[in-house]
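Nothing in this text is a laboratory measurement; each read-out follows from the coordinates by a stated rule. Nothing here was measured: the structure is a model prediction, and the numbers come from that model. So basically every Cβ, Gly included, is an ideal-geometry build from the backbone, and we count neighbours across all protein chains shown.
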Amino acid sequence: MSVGWTMAETVKVIELTGNSTESWEDAAQNALEDADETLENISGIEIVSQTADVDGGTIERYKTTVHVSFALQR
């Protein structure tokens, strides 16, 4: 993943899964907002997968798994 960082930085990537009753995009945004509460220097996300919980033929909960990249502090 080379989103939003330069070769001079060391970047850590973590995997998170966001949830939403609205959409996969909203689930990704929820994951990013939660990450932003505890991480500094977030430089990008990559969508890894999108899944959903289904009940009675209806999507009940959208799930988006993302890789969040951020520069390590020196």
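I'd like to know which of Ile42, Tyr62, Asn30 lies farthest towards the positive end of the charge dipole of the chain, counting +1 on Cβ of Lys and Arg and -1 on Cβ of Asp and Glu.
Ile42
Sort Ile14, Ile45 so the one with the fewest other Cβ atoms within 10 Å of its own Cβ comes first.
With the sparsest Cβ surroundings first, the list reads Ile14, Ile45.
In nm, give the distance between the simple-model label positions of Glu60 and Leu72, each being 7 Å from the Cα along the Cα-to-Cβ direction.
Once both label points are built, they end up 4.1 nm from each other.
Show that you can apply the helix-only estimate: for the chain, add -39,500 (n - 2.57) for every DSSP H stretch of four or more residues, divide by all residues, and state [θ] at 222 nm to the nearest 500.
-6500 deg cm²/dmol
Where the only charges are on Cβ atoms (+1 Lys, Arg; -1 Asp, Glu), what is the dipole of the chain about its Cα centre, to the nearest 20 debye?
360
When the chain is fully extended, how far beyond the present Cα-Cα distance does Thr51 get from Ser23, taking 0.36 nm per residue of separation?
9.0 nm
Over the Cα atoms of the stretch 11-74, each weighted equally, I'd like the Debye log10 I(q)/I(0) at q = 0.29 Å⁻¹, rounded to two decimals.
Calculated log10 I(q)/I(0) at the listed q: -1.16.
Karplus couplings for the stretch 22-30 from phi (6.51 cos²θ - 1.76 cosθ + 1.60, θ = phi - 60°), rounded to Hz, Gly and Pro as x?
With the stated coefficients, the stretch 22-30 comes to 9, 6, 5, 4, 5, 5, 5, 4, 4 Hz.
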